[in-house]
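Take a look at the structure below.
The values are calculated or read from the model by the stated rules, or taken from the named source; none is laboratory data. Note that the structure is predicted; figures quoted are calculated from it, not measured. Here the Cβ positions follow ideal geometry from the backbone for every residue, glycine too, while neighbour counts run over all protein chains shown.
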């Protein structure tokens, strides 16, 4: 699954609606969103692109520190720095490294089945100062 974080609830909802319209898919099927107090617009089984607020992803980290459900995490609007986004960037950079190390170790063994895949982390911003990150 691809996880896309937005700093505000309205942005997460409107972007999910727009992308689902562009893909001609009902909202909550291939494209969904989850915000606080509203988790009825995505399916664990069917959703491939999930828009959410920073706080939702932080909450998911409590139950799965390696975010195994996600193959890509995209932090959007990183220039709108907040406590949540700063914590996320710090944790996600460590999680991405840990998953890469685990995947490399797994592939160097003679295991016939791969369980762990690296996490791709994308940080997007319109006006980002790179030295801040």
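When residues of region 46-70 are filtered for being touching a strand residue (DSSP E or B) at 6+ places or on another chain (Cβ under 7 Å) and modelled with pLDDT under 90, how many remain?
The qualifying residues number 1.
Considering only region 75-92, state which residues are surrounded by fewer than 20 Cβ atoms within 10 Å (Cβ to Cβ), over 26 Å from residue 44 (Cβ atoms) and under 15 Å from the mean Cα position of the chain (by Cα).
If the condition is that a residue be surrounded by fewer than 20 Cβ atoms within 10 Å (Cβ to Cβ), over 26 Å from residue 44 (Cβ atoms) and under 15 Å from the mean Cα position of the chain (by Cα), then 86, 90 are the ones that fit.
Tell me the residue from 51, 104 that is in a strand (DSSP E or B) and either in contact with a helix residue (DSSP H, G or I) (Cβ under 6 Å, 6 or more places away or on another chain) or loosely packed, with under 13 Cβ neighbours inside 10 Å (or both), please.
Step by step, each of 51, 104 is checked, and only 51 is in a strand (DSSP E or B) and either in contact with a helix residue (DSSP H, G or I) (Cβ under 6 Å, 6 or more places away or on another chain) or loosely packed, with under 13 Cβ neighbours inside 10 Å (or both).
Exactly one of these conditions fails for residue 72: (1) under 15 Å from the mean Cα position of the chain (by Cα); (2) closer than 27 Å to residue 127 by Cβ; (3) crowded, with 17+ Cβ neighbours inside 10 Å. Give me its number.
So residue 72 meets the others, but not (3).
Consider region 27-40. How many of its residues are on the phi < 0 side of the Ramachandran plot, in contact with a strand residue (DSSP E or B) (Cβ under 8 Å, 6 or more places away or on another chain) and not in a strand (DSSP E or B)?
3
Of 24, 43, which residue is more than 12 Å from the chain's Cα centre (by Cα), at pLDDT 90 or above and part of a loop (DSSP other than H, G, I, E, B)?
Of 24, 43, the one residue that is more than 12 Å from the chain's Cα centre (by Cα), at pLDDT 90 or above and part of a loop (DSSP other than H, G, I, E, B) is 24.
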